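These notes concern the structure reproduced below.
The values are calculated or read from the model by the stated rules, or taken from the named source; none is laboratory data. A quick note: this is a predicted structure, and the numbers were derived from the prediction, not measured. Cβ atoms come from the backbone with ideal geometry, glycine included; neighbour counts cover every protein chain shown. Remember, those area values only see protein heavy atoms, side chains included, never the ligands or the DNA or RNA. Shrake-Rupley method; radii C 1.70, N 1.55, O 1.52, S 1.80 Å.
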Amino acid sequence: DKRNHRHFMKKEIYEQPEVIARALGHYINIEGNSVDTASCIDFASVPSVAISACGTAYLAGLIAKYWFERYARLPVEIDVASEFRYREIPLPPQSAALFISQSGETADTLASLRYCKERGLKTGAVVNTRESTIAREADAVFPILAGPEIGVASTKAFTCQLAVLATLAISAAKARGTVTEDEVKALVGSLAEMPCIMGRVLNSIQPDIELLSRELAKCRDVLYLGRGTSFPLAMEGALKLKEISYIHAEGYAAGELKHGPIALIDENMPVIVIAPHDRFFNKTVSNMEEAAARGGRIILITDEKGAAASKLDTMHTIVLPAVDEIIAPMIFSLPIQLLAYHTAVFMGKDVDQPRNLAKSVTVE
Ligand code: M6R
């Protein structure tokens, strides 16, 4: 049932406030502003965390790496599962390992889980499908509670994975004493506000996005840039666009621009800059100016503070509400998903079932 939407993907994008609220309700106590992710994994004592996943789930893991390192001071080893399983990584057996998978059946992710179990690591599965093989075989299961995701392009599973990973990072930080009680309250308070902010954003950005999609639909290549947690988000934006519109897109760390990709930039190349007004903002803006100076057509996705601070004449600026850093990746996912969706629809592509792709990749 598409609930009056033309495609499952659109329904799933618009469902996010509701499913995120449900997922968060499972892990946080909103009145007490506290987290509860009780499991057999003792984050207080592990020396490091290994994360393995594929595609969009891997990009959620990359964002979580920033959180585990920053808040819980836990080193994170992360790789795509198809590499992780063969790399012979020297993993301390006292470490924890997390496997992120919407379907819970992805062959490489499952193989990585088995690899870690054989080496004695405690394993946790961040999954949507609770009756899946990965959920069954892991020591601990952290359901993301997104409900069935039908569109091949992952949308609500991605933001629910992020929401659950954020609560895990906060509870690890709490257990390790790397954040104060007040900091925990502030982080949980920000997470609790997220569904409402998501609803507001979804209700307001569509006209802007549709306009912009018509421009993107004419392009052959698109570059996405971001720093910090916006870097994995840039890769997710590029993945989403290429997967359903078949436009070639790349996501880069903004600081890498001058180490190669800047050579691609000319007046035919839109550069989508993901830049919330965080501690990286000024640096990202200076990379954006470098791209603009080479004729690149800049599409800036920022917040109210960022829009006020940026002087550059962009081709288009999408302005989101200014939010706390911990929830920015989830809020900034929304324009990225909608941009890919509307571009592909405008081009007449089969959004829910893009060519050559399967929802669940159960072979290596
Ligand atoms: O079911 P999984 O989360 O393990 O799937 C992983 C990837 O195959 C998946 O995220 C894929 O990249 C999506 N089509 C992206 O939108």
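Counting every pair of alpha carbons in segment 130-176, the share spaced more than 14 Å apart comes to 61 percent. Of the residues ASP1, ASP79, ranked by 1.4 Å probe accessible area with the largest first, the sequence reads ASP1, ASP79.
By DSSP, the beta bridges lying fully in the chain are antiparallel in about 5 percent of cases.
Here the convex hull built on the C-alpha positions of segment 1-126 has a volume of 128 cubic angstrom per residue. Residue ranking by accessible heavy-atom surface, 1.4 Å probe, largest first, among LEU320, LEU91 comes out as LEU91, LEU320. Rounded to the nearest whole Hz, the Karplus-based 3J(HN,Hα) values (6.51 cos²θ - 1.76 cosθ + 1.60, θ = phi - 60°) of segment 268-277 follow the sequence 9, 10, x, 10, 8, 9, 9, 9, x, 7, with x at glycine and proline.
Please compute the contact order of the chain in relative form: average sequence separation of alpha-carbon pairs under 8 Å and at least six residues apart, divided by the residue count, as a percent. Relative contact order for the chain comes out at 19 percent. Converting phi to 3J(HN,Hα) with the Karplus coefficients 6.51, -1.76 and 1.60 and the offset θ = phi - 60°, segment 94-110 yields 7, 6, 9, 10, 10, 10, 10, 7, 4, 6, x, 10, 4, 4, 5, 5, 5 Hz in sequence order, with x at every glycine or proline. Taking 0.36 nm per residue of separation and subtracting the Cα-Cα distance, full extension of the segment from LYS218 to LYS258 would add 11.8 nm.
Coupling constants for segment 151-165 follow from the phi torsions by the Karplus curve (6.51 cos²θ - 1.76 cosθ + 1.60, θ = phi - 60°), and in residue order they are x, 5, 6, 7, 10, 5, 5, 4, 6, 5, 4, 4, 4, 5, 5 Hz; glycine and proline get x. Less than 5 angstrom separates the built amide H of VAL141 from those of ALA125, all sequence-distant by 5 or more or on a different chain. Using a probe of 1.4 angstrom and keeping all protein chains present, the accessible surface of segment 105-161 works out to 32 square angstrom per residue. Report note on the peptides 142-148, 96-102: ranked by the mean count of other C-beta atoms within 10 Å, highest first, their order is 96-102, 142-148. Amide H contacts for HIS277 (H built 1.01 Å from N in the peptide plane; partners 5 or more residues away or on another chain; cut-off under 5 Å): ASP303, GLY306. Distance in nm between label sites at SER286 and THR178, each 7 Å beyond Cα in the beta-carbon direction? Each label point lies 7 Å from its Cα, and together they span 2.8 nm. Relative contact order of segment 227-364, taken over Cα pairs closer than 8 Å and 6 or more residues apart, is 26 percent. Per residue, the solvent-accessible area of segment 282-361 (1.4 Å probe, heavy atoms of protein chains only, all protein chains present) comes to 41 Å².
Counting 0.36 nm for each residue step from GLU193 to ASP36 and taking away their Cα separation leaves a gain of 54.8 nm.
Maximal additional length on extending the LYS359-TYR246 stretch stands at 39.0 nm, based on 0.36 nm per residue less the C-alpha distance. Only protein atoms count toward the accessible area here, which uses a 1.4 Å probe; on segment 276-351, the carbon and sulfur part of that area reaches 47 percent.
Given a cut-off of 24 Å, name the pairs among LYS117/LYS156; LYS218/LYS305; LYS156/LYS349; LYS10/LYS349; LYS117/LYS242 whose C-alpha atoms lie farther apart than that in the structure shown. Checking Cα-Cα distances, LYS117/LYS156; LYS218/LYS305; LYS117/LYS242 exceed 24 Å.
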